[in-house]
Amino acid sequence: MYRGGMMAEKGFYWNPLTGRHVNINQQGLLPGEANNIYLKISPLLLLAVAPFFGLMFVIFLPLLGVGVFLILCLLPVFSALSSTAMTGLRTISRMAGMNGSFRKHK
């Protein structure tokens, strides 16, 4: 694993976080700050791995969309329904002369 600004030998370097690739023809410095991480990888291996990354994107993007929908849309609805149900239970228990734990008032 190499970082930006490090001296690197000839080869093909790839940043998996940004997808940026750097081809160094002779020994030289990798571009970027020290927090940029590069992996030395052969171009053929990258070509073999790239379809796998695309497949993961196609598979998980719809799941991410469904998850965001469930959290943003359905969670407030369930919260409101549960709050309404608890208010109804408290009201009914008070009308029946019981406290919140459904025991008779003394």
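To keep it simple, each residue is scored yes or no on (1) free of Cβ contacts under 8 Å to residues at least 12 places away in the same chain; (2) under 17 Å from the mean Cα position of the chain (by Cα).
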{"site": "Gly32", "(1), (2)": "no, no"}
{"site": "Ile41", "(1), (2)": "no, no"}
{"site": "Phe57", "(1), (2)": "yes, yes"}
{"site": "Val66", "(1), (2)": "yes, yes"}
{"site": "Leu74", "(1), (2)": "yes, no"}
{"site": "Ala80", "(1), (2)": "yes, no"}
### segment 2-26, residues that are exposed (fewer than 14 other Cβ atoms within 10 Å of the Cβ) and charged (D, E, K, R)
Glu9, Lys10, Arg20
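Do the conditions hold for Val58, that is, is it hydrophobic (A, V, I, L, M, F, W, C) and loosely packed, with under 10 Cβ neighbours inside 10 Å?
Considered against the rule, which asks whether it is hydrophobic (A, V, I, L, M, F, W, C) and loosely packed, with under 10 Cβ neighbours inside 10 Å, Val58 comes out as yes.
Read-outs: derived from the displayed coordinates by stated rules, not from any lab. It should be emphasised that the depicted structure is a prediction, and the values quoted were computed from it without experimental measurement. Please note: Cβ atoms are built from the backbone with ideal geometry, for glycine as well, and neighbour counts cover all protein chains shown.
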